[in-house]
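Peer 1: After the structure tokens below, expect a handful of questions from me.
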């Protein structure tokens, strides 16, 4: 598992992320970390639709994201980690995920 890029973007997945960054960085999985979106089926569906073909998507709470990253659940993936704001990234780092 390699966290290739971390992006803070209120829009989460949109054209620039979908078309440019996933291709340029060779991303195989997008991990959206947000404690509110995991409860919103409409937003989750919109994110799934916006995800490029061939790229896996995980929409996770902070705690689930940290757990999955710690156990190396995505060991073969090149990950783009996206959050709406810096708080979620701070929480991920505070809970032991090393982001370089």
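What follows draws every value from the coordinates through simple rules; no lab data is involved. Computed from a predicted structure; not experimentally measured. Backbone-built Cβ (ideal geometry, glycine too); neighbour counts: all protein chains shown.
Peer 1: Tell me, in nm to one decimal, what length is gained between residue 19 and residue 53 on full extension, where the rule is 0.36 nm per residue of separation less the Cα-Cα distance? Kindly include the intermediate steps, with their values, before the conclusion.
Peer 2: Details: separation 34, 0.36 × 34 = 12.24 nm, distance 1.04 nm.
Result: 11.2 nm gained on full extension.
Peer 1: I've got another one for you. Over the chain, with a Gaussian network built from C-alpha contacts below 10 Å, which listed residue (77, 63, 40) shows the highest mean-square fluctuation?
Peer 2: Residue with maximal mean-square fluctuation among 77, 63, 40: 40.
Peer 1: Neighbouring Cβ atoms within 10 Å as the yardstick, rank 13, 38 fewest first.
Peer 2: Values: 13 25, 38 16.
Placing the least packed residue first, the sequence is 38, 13.
Peer 1: Rank these for me by crowding, 53, 32, going from fewest to most other beta carbons within 10 Å.
Peer 2: Ascending Cβ contact count within 10 Å gives the list 53, 32.
Peer 1: Rounded if a/c is under 1.5, else prolate if a/b is larger than b/c, else oblate: which is the range 1-88, with a ≥ b ≥ c the root eigenvalues of its Cα gyration tensor? Don't jump to the answer; show the numbers that get you there.
Peer 2: On the way: a/c = 1.44, a/b = 1.02, b/c = 1.42.
The shape class here is rounded.
Peer 1: Listing 91, 75, 2 from the residue with the fewest other Cβ atoms within 10 Å to the one with the most, what is the order?
Peer 2: Values: 91 18, 75 8, 2 14.
Least to most surrounded, the residues fall as 75, 2, 91.
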